[in-house]
Structure formats: C-alpha cells, structure tokens
DNA sequence: TGTTATACTTGACGCTGATCAACGAAAAGG
DNA sequence: CCTTTTCGTTGATCAGCGTCAAGTATAACA
C-alpha cells in the first residue's frame, strides 16, 4: 500500500544518500528506542514495521517493498515511532533527515514530494483501518494479495506469481486475524481455484474473483 | 487523537489565514470531489471526517476538536481524500496550502512543524488500526472516551464531564462496531459505575477503571 | 546428518459481537 | 402543538472467527 519515489528525484538526492546497506533476514533495522535520524528506501528485499506495546504485544503496521519509503511516521519524535525488521536479505538506502530538510529548502519540488508521500501514508493507514473495521477475513486477505500483486507489477515482476516475503504470522497480525484463520482462508481460496499456494509461493489464478471478494468492489457492482 | 497547533506559529500565520468561517450542524465542509485547496483548523465546535466508498459505505476516519488540523491526508491529491462534516455549530480557520507552502520555504520552523503534524497523523492512524484489529468493543470505547477526555482537558474544559459531539452511529462506525454494541457497552459501563451517560451527556466516574479496560494497560500491569 | 525450533495446516468448540426486530425518547419540522 | 424522523436502548438469535489442541512440513543449526 505504500509508495514509490520518482527516479528523477532520486538522482538529485544521490549525494546525500548512504547507499546500499545490507540487512539479513530477521535483522533489526531500528526500533522505538532508536534515535530518529533517517528514512530508508527499500532497494531490494522487503521489511516489516510494527509497534511494540508496553505489554510486549506486536502490531504489524506495514510491509515495505522495493521503491517504498520507511520512517515517515517517525518524523515527529526523537525516536522512531515503530520497529523495523528485514523480512529477507534486504538492501536499503538511508536518507538522513537533517540533510533532507536542508535540501527541501532549496528544492520546493522535493518538499512537495515529501508532503505527497506523507499524506499518502496517512491515506494508506486509513484504508487499513477501514479494512480492519469493516471487512471479513476473506476480504482482508484478498485485499492484501491484490495489493502485493500490484506492487510487484510496479516493480516489473510477475503480478500473478510471486513469493510472499512474510510468514503467515505477520500476515495474520497485520490483518488483525489469527494465524489459523489466514491458513484456512488460503486453503479455501485454493479449493475455489482462485489461487494456488504452497508455503510462501503464491499464484493468483483468478484475479477477477479476488477483486469480487473485496467488499467495495462487490458493493460497487451489485447496486 | 489528532493534534494541536502551537499559539506561536498561529501568530505568524494570521495574515494568510481566512478566519472564522461558521458551519452549522451537519453542514458539509468538503468531500472527495472537492478540489483540494486548504487545510482547516477547528476553532470551536467539532467535525468528523469519513471516507465514502464507491459502494456508498461510510467509514469515519476521525473526529476533530478545537485546536486540531483537518486535511493533512489530502496533501497528495487534486481533491480531498475524505469528506468533512460539522458535528455541531463549528467555526474553522482556513489555511490555503499554496500560501502555506510559500511560507514554509521562508520559515523552516514551520516546515518542521508540518512534518511533525503529518507524522503524528500517521501514528494516530496506526494507533486506530491497532485498536480496531486487536481490541474488544469495551476496550475500543474506553479508549475513545479517554481520548476525548484528554482532548477536552487540553482545551481547559472538564475532562470528566462533557457532552459527546457525535451520535452513537458515528462512534460505532469509527470504532468498527454496530450501534447496538456501542449502546450496550455504554449501559454496561454505567451499571459498573464507571461512567454516567444520558444521551450525549457523559460523566466519567472512574477514570482508572476505564484505563484498566484498555488492553495495553491491563497487559502492562498484569505481567 | 540428525535434531530442534519454526512455520503451516486442520479440526472441534465457544464467545464476542453482528443482525433482526421492536420499542421508547428526543429532536426536527410543519 | 402534533407529526415525523432521527436517535438510542434492549432482547433474541446466530455466525464468524479466536482459542485450544494436535499433527505435519519446512527450515535452522549443531
């Protein structure tokens, strides 16, 4: 659901950016106690962000794929507002915000772009809230699969044949479901011939059917 | 859950701001088809924002009280990303974003402040998503009451004795519940002596108990 | 390579909260 | 003022999904 940076802007930023830090699967990138210094763009691989409550509970707040920017929710505080972990071998670009802020003063275009990214992040989060509050397990999972699909497509990868970077556990947590429910819905979709899934390998056999499952779409066509 | 503007900054902005537009209860402020021009700060009264899906369903995304800024989620598009309605007689300040953007170039402080506000909005929305995905009806309603309470306190109004600006319907929608459930929880809290509620008039009798209902707090103390 | 931890699946059961229905109370509107 | 909506409450019923439990497959690791 997050966002892409335009290649043009990336060019002009190259000098302030720290290129190509590599993180291994499961490796910790920052957490709520880390002083906030930088946003990160995913170059390859993928990461998840989550909030850890005082009680130790985790709430996954997002998955970030190549081209997407992490850390925008942290620009208001001394420390990061969430915890970020690599889901697989992942390479990141680091954008130090102080330098970014200097730059935005010279480049109003860039500033506008930052506003754009942040406000989209708000919208994404509202969309998620909506999904969580109004939709069934099947609808939530269909929506996630479609979101991943379109994000893979944007990266010129197959939109119907990909491998999930995250375990069922994280999917369940992100969508506010139990792992068991996620598992059951996957097999139900499979039995209906909508998808083929073996472990993390997923093939979308009937994208239309998936879109039908999404509630908005159904409402849109049925009335 | 949203945010306050500091008086200092307000002073410096006064010249670009269009003061004191008044809206009546139920009056429409903008919607998803309105071209995006301005953010609005609530001076008095209150408003609700919601997303209307293609299917006509409504999802309330926030309530905004005096001192809070509306429209930050819309800074990425040509039109507003949500629909805003006054919940009661409400007075707003209008901040035209083009002028705001000019100003931010001259005042880096202001720019920083904008980032701050937007990133807090993202965090609020994540908090909401968390509430919706992990918490029971009682926990959600307790959280809302506490949020309203602290926002009233910030405005120097009674934190234990206030009247809800929104109908049960909007509360239910916002929290992802059925109206009936909201009503039942209110009476349950009342029977437990935690609150006193008659229609929209609410009195918090036992704030501690309300905090106990909130799951994080319970987890925090029980382990 | 065997061993253990982690990830995933499947079934049985119960609870929270949605839905349907009906009614009372307050507000709007003529 | 009475009528009509809107709003709020309460009860009965039921289903979606969480929880518990057990078992299988896959990956991590010594």
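The values are calculated or read from the model by the stated rules, or taken from the named source; none is laboratory data. Computed from a predicted structure; not experimentally measured. Positions of Cβ are generated from backbone atoms using ideal geometry, with glycine treated the same way; all protein chains shown enter the neighbour counts.
Does residue B:202 satisfy being within 20 Å of residue B:135 (Cα to Cα), at pLDDT 95 or above, away from every other protein chain (no Cβ under 14 Å) and within 15 Å of DNA strand C (Cβ to nearest atom)?
On the way: within 20 Å of residue B:135 (Cα to Cα): no; at pLDDT 95 or above: yes; away from every other protein chain (no Cβ under 14 Å): yes; within 15 Å of DNA strand C (Cβ to nearest atom): yes.
No; evaluated as a whole, the condition is false for this residue.
Evaluate the stretch B:134-154: report whether one residue or more is surrounded by fewer than 22 Cβ atoms within 10 Å (Cβ to Cβ), within 9 Å of chain A (Cβ to nearest Cβ) and not in a loop (DSSP other than H, G, I, E, B).
yes
So for the stretch B:154-171 (the condition being more than 14 Å from DNA strand D (Cβ to nearest atom) and under 14 Å from the mean Cα position of the chain (by Cα)), does at least one residue qualify?
Yes.
May I ask you to say which residue of A:52, A:47 is at pLDDT 90 or above and surrounded by 15 or more Cβ atoms within 10 Å (Cβ to Cβ)? Talk me through it step by step, then tell me what you get.
Values: A:52 fails: surrounded by 15 or more Cβ atoms within 10 Å (Cβ to Cβ).
Testing whether each residue is at pLDDT 90 or above and surrounded by 15 or more Cβ atoms within 10 Å (Cβ to Cβ) leaves just A:47.
Quick one: which of A:153, A:168 is out of contact with any strand residue (DSSP E or B) (no Cβ under 9 Å at 6 or more places or on another chain), within 13 Å of DNA strand C (Cβ to nearest atom) and over 25 Å from residue B:57 (Cβ atoms)?
Numbers: A:153 fails: within 13 Å of DNA strand C (Cβ to nearest atom).
So the residue among A:153, A:168 that is out of contact with any strand residue (DSSP E or B) (no Cβ under 9 Å at 6 or more places or on another chain), within 13 Å of DNA strand C (Cβ to nearest atom) and over 25 Å from residue B:57 (Cβ atoms) is A:168.
State the number of residues belonging to the stretch A:63-101 that are facing chain B (nearest Cβ under 9 Å), assigned to a helix (DSSP H, G or I) and out of contact with any helix residue (DSSP H, G or I) (no Cβ under 6 Å at 6 or more places or on another chain).
Within the stretch A:63-101, residues that are facing chain B (nearest Cβ under 9 Å), assigned to a helix (DSSP H, G or I) and out of contact with any helix residue (DSSP H, G or I) (no Cβ under 6 Å at 6 or more places or on another chain) number 3.
Does residue B:134 satisfy the condition of being within 12 Å of DNA strand D (Cβ to nearest atom) and within 18 Å of residue A:57 (Cα to Cα)? Please lay out each step first, then the result.
Working: within 12 Å of DNA strand D (Cβ to nearest atom): yes; within 18 Å of residue A:57 (Cα to Cα): yes.
So residue B:134 fits the description; yes.
Any residue in the stretch A:168-191 that's within 14 Å of chain B (Cβ to nearest Cβ): show its pairings with residues that are more than 8 Å from DNA strand C (Cβ to nearest atom) and part of a loop (DSSP other than H, G, I, E, B) at Cβ separation under 7 Å, as long as the two are six or more apart or on different chains.
Sorted first by the residue in the stretch A:168-191, then by its partner, the pairs are A:172/A:178.
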